[in-house]
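Everything below concerns the one structure shown next.
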Amino acid sequence: MKNIRVGIVGLGRLGYHHAQDLMFRIPQAELVAACSVIPEELEKVRTWGLENVYTDYSEMIKNANLEAVVIVSSSGAHAEQIIEAMDAGIHVFSEKPMGVTLEECEKVEKCVELHPDLKFQLGFMRRFDASYMAAKAKVDAGELGKPFLFKSTSNDPLATIDGFLGYAPHSGGPWLDMAVHDIDLALWFLGGEVESVYAIGGGYLYPELEKIGCADNACALLKFKDGAMAQMHVGYSSPHGYQVETEIFGEGENIRISAVPAKNRLQTYNREGVLVECDESWPYRFNEAFFNEKVAFLNCIINDTIPIAGAKDGTATTKVALAATKAFETGEVVHI
Ligand SMILES: NC(=O)c1ccc[n+]([C@@H]2O[C@H](COP(=O)([O-])OP(=O)(O)OC[C@H]3O[C@@H](n4cnc5c(N)ncnc54)[C@H](O)[C@@H]3O)[C@@H](O)[C@H]2O)c1
């Protein structure tokens, strides 16, 4: 099997997880370089024998002889780093969001168009989760009839709230940070375009978040141009663990994914009732999806096929996330 020479930028909460996959689990990848602005994070990957490490992204792009780069830096750095890599002839996998403004997204789209020989994939990993893939196959086969309502909850565990409170100022807010996954799924399952968005939320548990334009829980209602609806709740304060749940209603059938966010099949029957252990956080719930999405990206390079989550999906989700942010800030319905 061909090994692709991969570099990674960002070795934080998610980057370290992606780096471990690339180093130890994915046969198609040869992790040859890593970059972080935090030197201690580089020391951790040096212990794996990875000596080619950088604190400057441009230096890595220029000097590491990469075929592909995996971008897991802070959201505000993605667009610039995507463009720099592709202009240097390197395939790109980037974490979401693709850009934090529409201008950034348009620049990335243009860059991807300019380099048809290079692959670009966005990290919408839920599309690579077995349950979501099965749901998509049912929807595409017409088993639900025409889907008209998408409902979802994405709630990070309260146990990791301290990490979020530190990360919140550069998160882009709940819509760009978290709801982009739900928005992407709504667009993926329902098809078509969003016409208008209404969004509300607040710092119900952590009022200090409101001072920086953020929220610990927020909701949005999306109306699609063909009349279909999407309703979503995102939060950072789930008391029982990590919960991502999705429902899709069709003319014929409804489907539901992860109504109870069970970590495994263990159930304890005692005086408190029937107890189920929950996923602790996203690396557990979506472990296989994070793995599958990178394998799919590398296979697109090897087999010259088109990634299923690309630049147009990145722009479409950012557009809706920015409209939700504006609705949340103004209290108005925002027409797209
Ligand atoms: N797909 C998902 O479910 C999911 C989950 C978590 C995070 N993310 C995304 O992944 C990205 C990283 O999130 P995180 O939680 O790991 O963040 P983090 O703050 O824990 O880590 C950020 C990392 O990026 C590096 N970095 C930042 N700017 C850089 C620059 N200009 N040059 C080089 N390195 C730079 C930092 O050194 C650090 O290693 C974010 O964009 C986030 O939206 C996606």
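Coordinate-derived values only; no laboratory data. Just so it is clear, the structure is predicted and the values come from calculations on it, not from any experiment. When we count neighbours, we look across all protein chains shown, and the Cβ atoms used for this are built from the backbone with ideal geometry, even at glycine.
For this structure, a couple of remarks:
- Packing-based exposure ordering (other Cβ within 10 Å, fewest first) of LYS312, LYS119: LYS312, LYS119
- Pair ARG256, LYS211: separation of 7 Å Cα→Cβ label points (nm): 4.1 nm
- Highest-MSF residue in the chain out of ALA159, ALA141, ALA168 [GNM, Cα springs under 10 Å]: ALA141
- Under 5 Å, built H, 5+ apart or other chain: amide partners of LEU31: VAL6
- Distance violations [Cα-Cα > 26 Å] among LYS136/LYS223; LYS110/LYS138; LYS294/LYS326: LYS110/LYS138; LYS294/LYS326
- Candidates GLY173, GLY145, GLY123, ranked by Gaussian network fluctuation over the chain, Cα under 10 Å, top entry: GLY145
- Relative contact order %, segment 41-133, counting alpha carbon pairs below 8 Å whose residues are six or more apart: 23 percent
- CYS214, CYS278 arranged by Cβ crowding within 10 Å, fewest neighbours leading: CYS278, CYS214
- Per-residue Karplus couplings for segment 81-98, computed as 6.51 cos²θ - 1.76 cosθ + 1.60 with θ equal to phi - 60°, are listed in order as 6, 4, 5, 4, 5, 5, 5, 8, x, 10, 5, 10, 10, 10, 4, 6, x, 5 Hz, Gly and Pro entered as x.
- The chain: calculated mean residue ellipticity at 222 nm from DSSP helix runs of at least 4, using -39500 (n - 2.57): -10000 deg cm²/dmol
- For GLY203, the amide hydrogen comes within under 5 Å of the amide hydrogens of GLU210, ASP216, counting only partners 5 or more places away or on other chains and with H modelled in the peptide plane.
- Residue exposure sequence - ARG285, ARG271, ARG5 - by fewest surrounding Cβ within 10 Å: ARG271, ARG5, ARG285
- Each residue of segment 142-156 was assigned a 3J(HN,Hα) from its phi angle through the Karplus curve 6.51 cos²θ - 1.76 cosθ + 1.60 (θ = phi - 60°); the sequence is x, 5, 8, x, 6, x, 10, 9, 10, 10, 8, 10, 10, 9, 6 Hz, with glycine and proline shown as x.
- Magnitude of the charge dipole for the chain, about its Cα centre and with charges confined to Cβ atoms of Lys, Arg (+1) and Asp, Glu (-1), is about 640 debye.
- Tensor-based shape of segment 68-218 (alpha-carbon gyration tensor, a/c under 1.5 rounded, otherwise prolate or oblate): oblate
- Cα gyration tensor shape of the chain, rounded if a/c is under 1.5, else prolate or oblate by comparing a/b with b/c: rounded
- Rounded tilt (10° steps) of 130-140 against the dominant C-alpha axis of the chain: 70 degrees
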